[in-house]
Each structure stands twice: as C-alpha cells, then as structure tokens.
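Worksheet: the structure to be examined is printed underneath.
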Amino acid sequence: MTNQTAERQRTNSLTIGLGGMTCASCVARVERALRKVEGVQSAAVNLATEKATVSFDPMRAEVEALLEAIEEAGYEPRRDVLLFDIAGEAPIDVAALQRALAGLHGVIATDVNPAANRLSVTFAAGALDARQVVQAAASAGVELRERAPETADAREAGAAREQRLLAAKWATAGAVGLLLMLAGMGPVFDALRSFMSVQEILTAMFLLALPVQVWAGWQFYAGAWRTARHLSADMNTLIALGTTAAFAYSAVATFWPSLFAEAHAAHDHMLGDRPPVYYESAAIILALILFGRWLETRAKGKTSAAITRLMGLRPKTARVLRDGREVDLPVDEVVPGDTVSVRPGEKIPVDGIVLDGHSAVDESMLTGESLPVEKTPGDAVYGATVNRAGSLRVRATRVGSETALAQIIRLVEEAQGSKAPIQRLADLVASVFVPAVILLAAADFVLWLWLGPEGAVIYATLNAVAVLIIACPCAMGLATPTAIMVGTGRGAEMGVLIRRGEALETAAKVDTVVFDKTGTVTAGHPRVVDLIAISMDEDALLRLVAAAERGSEHALGEAIVRESKDRGLDLPDAEDFEA
C-alpha cells in the first residue's frame, strides 16, 4: 500500500458549526487557523451556513485541537450535548464505555454517572447522532436510551427569537435615527428652541442616541473586541469604529464644545457658535446594518427550512415484529434485519425488501414518478415513501443515516456548504479587505487634517467614518454562499438535487438540457388532461366515475376526484364500494 493510499484511508471529514462569524474576512481567518493544526489536510468555511468542513488525519489531529484553533482565532465552535439513560440494573464497565465512545467521530468529552444511570456526550455540532452513540455503547455491552433531544421545532424557535431581536433592534435604531434627523432640521430645531435651550436640545439628542448605541450596537462591540484580542479585525471592527467615532465626536461637541472652537468657528450653521453633531448618523448606520443582518438571518432560515422539510418526511415510529408480536418503536431503534409492518396509507419507515404483501407505493418524493409503483415480495422499498393500497411486511436493510432519504439530506447539506470557484476569489479579497479599509480611513483622516480647510477636523472625522461604514465586505462575502444556499434549498424542495456549488455556477452556461425519460419531469402526481364522452355529457360521465373513485386510494382515482372538484360537480354517494 502506498503512503498516499494509507493517508486517504485514515482521513476523516468533520463539519463544525461556528458562531461569531460576520463577514468574509472571518472565513479566511478560520480557514488559516484550522490549516495550521498538525494533521489537517484541508479546511473550507461557509459564511452563509456558518459551518467549517475539515479533512484531517485522526492519528495526528484531535477534534478538541480543531475546536481550540477556532477559539484562538476568536470564534465560537458550536458544541452539542446528547443525554442518555443507562438501561438495566447490572453494573457497567465505565472505562470500556468511555473508550467505545471516545472512538466516535467528533466526540469531545463523555460524562458517565453510574449511580444515576446517566450519560452525557459532548461533541462538535453536527458531527454525530444519537444512534451512533447507542451503537457504540452497545459494543461495550451497555444499553442506552436517549433523553429529550433538541427538536427541529426548538431550533426553529431559537432562530425565530434571533430574528425578532434583530427586528426590534433595527426598528428601534431606525425610529430613533429618524427622530434625531428631524430634530436636526432647521424648522423643527427652531420650534424646539422656542421652549428649550440649545444645550438642552443637544442633551436630549444624546440621551436618545445613547441607548441605541449601547443596546443595538453591543453585538458589534462584542465582535470587534473578540477579534481585537487576537490582533485581528473584521466587519464588526469597521462598524464599531465608524459609529463610535460619529457618536463620540457628537458627545464631545455636546458637552465640551470649546474643544472644537477653531474647527466650528469657520462654519455657519443653526447651532451658531457650537460645532454640529451627528447622533442621527450613528443611529441610522446601526439601523441599516442591523436591517441587513435581519435579512441575512431570514434568508438563512428559509433555505435551511428545505433541510427541515426533508427531515420532516421521515416517519417518527415503526411497527416492528418483536418476539412474535407487533410493537410500535421509535424509528431510530429499528435495526437492519427487523421485520416492519406497513399498513395502507402509512409511510414506510426504513429502506428494505418486501417479504410479504402486495401494494402500490408512491415514490414521487424520490423519483418524481407520478404513478405509484407496484410492490411484491422481493421488491425494494425506501423510507418516507407512502404505501397506498395493501399491507406490506418489509425486512429492514438500511436504517437511520444509511437510508436513501438520509443520504439525500446529507447531499443537500454538503451542497449548501460547498464553495463555487468565484467564492474563492471573494474570500481571498476579503481576507485583506478589512485591514486595508482601516488604513484607508486613517489616511483619509490624516490627509484632511493636513490639507483641509480651516475646521478640517469635522470633515476629517466624517470622511473617515464614511470610509469605514460604506466599504464593508459583508455583501461580497455573503452573496455567493447565500446564492448557493437558496439554489440548492429551492432545488431540493422541487425534487432537484444539486451536488456542489460549482454546478450552479456552471449552470449559467447551459443552453441545452437532455432528460433520459419523461417520467421524472412531473409534478409528482397525475391529473386529468382530457375527457372523451361517447354517449353522454362529459360532466355527467365524470360525476359518475368520480363517485365510484372517491373511496379509492389509487393515484389515478384521486386525480379523477380532483378534476370533478375543480369543475364544481356534486358527487353522489357510491353503494357497496370495494377497493
């Protein structure tokens, strides 16, 4: 065996969820940090999905080392915890159990409590599922039962809370910014001066702007501080510097105007002998950027919903033959070789082979075929497809992460996290973008002070702030990954699976599409396209046929009934119906 072959055989691929990423420069920083870890062969970070995919040699690099590298770069690797009850009363070998679990891909730590019969497993988010833990424990002679895992509904609720908080922040910042802008207009300012002094007006503006700067802007300060501790900078740095400069200048001009005596003496404005203030600029800048973040969060939520909908296709339970009787079990507890009973109208819970029975199975969610496929003993069936007519007994061959649906979900997730060639260029530019913008803003400030007219400090401050805020790499870094997420997610919803982001980029050049058979290019269900009546009215004929088919579960019968409803026909009741 060659060294290269051996290297490939012991390469693991791990996907790690990330927190604290805000712009494309974050991508380059995390990738550099991961590639520095000994044993890491490649690392790719996707800003839109907030995930890092790392290929590494498990003999030379541990998962904990990867997570520490991410933390040292100033970001938060997401960790998940699975909780289990240890079944049975017999004593367990704690050391053997921990050894078995430590061999699992992505496990960071395990905590076994034999006295309470409890086990917790901490792992890199997305690295493994409960079934793998249960199987590993079984190899050590320990039976586990999972306790209250986080559901997709809980994750969606967390994402919804984040969206609501961002919406509240940008709406508040925007409303305050508009009030401050109105207060700064000549007619409104003159009206306020009829019952308030200039100092009182400016103090009121400061008090309005301060909560916005602290509450709405806090996430940018926290992000800027996190990267600054690692001698780095990102989009948060630009926003924090820009809005703080505008707010701090205005605060000094409000309470210590004499510091700008020479600067504002050359200006003729409504504040008279006082320097102008720019509280509204800081508030509105925060509102606009938070509005952009809110839109990004919504886009991510909608595209990840495609994965959630695919997961929702999976049945939750299965009717399994155990000890001569049928019992309902969580689908995760079904093992290859189990015999599963599927009644008419139920979803098939696992991939398997028909042992007994005859039925028609709707496989449109997998194949796009509009007509059900007849199944007899010896035929293959797939999880999440729908058993339409008869009862089936199925021997499970693939369960959990090995089923066809699970592989489709994994394919979509990998596609959403992949990089198109154009994104590599964007990431390269973004990696040097933030430091370059900060240097340009500083140079702009110095040049205005040096070459500007009398009172140039005001111009210098405003122009430096403009450079910091406007030159933001956010859109450049998010455009491509978000487009890939939207494209692959929308494709999955419509039954089109896209393997890589590169395929989407190449698709722009496609001018001819060739299909190998027409059955896959369908809506997934049949419909009536024509009706020919020989000796009676069309509607009368359709009314009778639909009345007979109304009790049928066959796809063609359902299509006839749908057509009668679309025509608004009143169907009589059929007597002595037998499917």
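Tabulated results
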item	result
Which listed residue is at negative phi and at pLDDT 75 or above, from LEU504, LEU468, LEU478, LEU497	LEU504
Index of the failed condition, ALA124 passing every other in (1) surrounded by 19 or more Cβ atoms within 10 Å (Cβ to Cβ); (2) modelled with pLDDT of 80 or more; (3) over 17 Å from GLU146 (Cα atoms)	(2)
Number of the exception - THR367 against (1) open to solvent by 50 Å² or more (accessible area, probe 1.4 Å); (2) at pLDDT 90 or above; (3) among the hydroxyl-bearing types (Ser, Thr, Tyr)	(2)
Counted residues, region 373-387 - those being among the polar types (S, T, N, Q) and under 31 Å from the mean Cα position of the chain (by Cα)	1
Criterion (among the small types (Gly, Ala, Ser), at pLDDT 75 or above, open to solvent by 20 Å² or more (accessible area, probe 1.4 Å) and on the phi < 0 side of the Ramachandran plot) met by exactly one of ALA442, ALA456	ALA442
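The values are calculated or read from the model by the stated rules, or taken from the named source; none is laboratory data. Only a predicted model underlies this, so the values are computations on that prediction, with no experimental measurement involved. With ideal geometry, Cβ positions are generated from the backbone for all residues, glycine too; neighbour counts draw on all protein chains shown. Only protein heavy atoms, including side chains, enter the accessible area calculation; ligands, DNA and RNA are left aside. Shrake-Rupley method; radii C 1.70, N 1.55, O 1.52, S 1.80 Å.
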